[in-house]
1. Using a Gaussian network model of the chain with C-alpha springs under 10 Å, which one of Gly164, Gly240, Gly70 is most mobile by mean-square fluctuation?
2. Please identify, among Arg102, Arg222, Arg191, the residue showing maximal mean-square fluctuation in a Gaussian network model of the chain using a 10 angstrom Cα cutoff.
3. Which order do Arg263, Arg34 fall in if you start with the one that has the fewest other Cβ atoms within 10 Å?
4. So how do Arg194, Arg170 line up by other beta-carbon neighbours within 10 Å, fewest first?
5. Could you tell me which helices of the chain pass both thresholds, a Cα extent of 27 Å or more along their own axis and a mean Kyte-Doolittle hydropathy of at least -0.5, with helices taken as whole DSSP H runs?
6. Order these by the 10 Å Cβ neighbour count, fewest first: Thr94, Thr144.
7. Of the beta bridges DSSP finds with both residues in the chain, what % are antiparallel, to the nearest 5?
8. Given the rule -39500 (n - 2.57) for each run of at least 4 DSSP H residues, summed and divided by the residues of the chain, what is its mean residue ellipticity at 222 nm, to the nearest 500 deg cm²/dmol?
Amino acid sequence: MSIQQPPHHAVTGDGTTGLKPAAAIRVSAQASVRLAPNPGPMSLDGTNSYILRAPGNEHAVIVDPGPDHGGHLAALAAESVELILITHRHPDHTEGIDTLHRLTGAPVRAFLPEHCREAQPLVEGEGIEAAGVVIRVLSTPGHTSDSLSFLLPEDGERGSMLTGDTILGRGTTILDAPDGTLGDYLASLDRLGREPDALVLPAHGPVLDSLHGIVAEYRTHRLARLEQIRGAIAALRAAGTPVPSIVQVTDVVYAEVDPSVRRAAEISVAAQLAYLGDLGEL
């Protein structure tokens, strides 16, 4: 989920985009991506459903089924799926769980038990081998408390990192307060920065070349935004508002944000205000 100008898509009379499922595109030695037809202000061009398999392997691991869209899920099911993994709880990643599970019989694993099907929840540091691919589970909360990333250490020379919504292919992710917190998010960026400088496979937007590079950019952005929040609070207090509200701070910091993502901006401001409160600054 991103806070930026939304993409533009043609809309049919029934309110849908009328888009057909996209073809799978190979993005690394062990990963292909199939873009779900659910574009929008929060999902950018749509949810990236990843198809993981070692070269020559018959079976596949699916990461994030995406929306409950028949054509998209049928195309994923045709990949001889042996395991389904979930990066986090948001519906644009999880709506298709039951349909894909029914079509394939493959177990579904996520951090939260309610998103698992015939399998145990994922745990931090766990190693998985499926479809010939080695996958290491990393807990990277902040966007949501259950957010996970998946490292594929044998995917090419540098490996690849599936980041869910923790890192996007463009724009910046929201902190889904109160569940998502800035403290957790900054710690997760630090955690990712200690991993290999892998290829980044985000759940929305294009593939990125350098995990370390984008982690540094995201950290710089977050700290700069936090300074803007501090400045807005100081200005509002100077103008006679001793306890500025989330709405008032958002009006200052996100004055030109598109109305379609205004609510997302307010949620991220709430997370940043909570962080400053924890620091004793409010």
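None of the figures in this text is laboratory data; all of them are computed from the coordinates on show. All of these numbers come straight from a predicted model, not from anything done at the bench. So basically every Cβ, Gly included, is an ideal-geometry build from the backbone, and we count neighbours across all protein chains shown.
1. Evaluated over the chain, the most mobile residue of the options is Gly240.
2. Of the options given, Arg102 has the highest mean-square fluctuation.
3. Taking fewest neighbouring Cβ atoms as first place, the list is Arg263, Arg34.
4. Arg194, Arg170
5. Span-like helices in the chain: 211-238.
6. With the sparsest Cβ surroundings first, the list reads Thr94, Thr144.
7. Of those bridges, close to 70 percent are antiparallel.
8. Counting only the DSSP helices, I get -9500 deg cm²/dmol.
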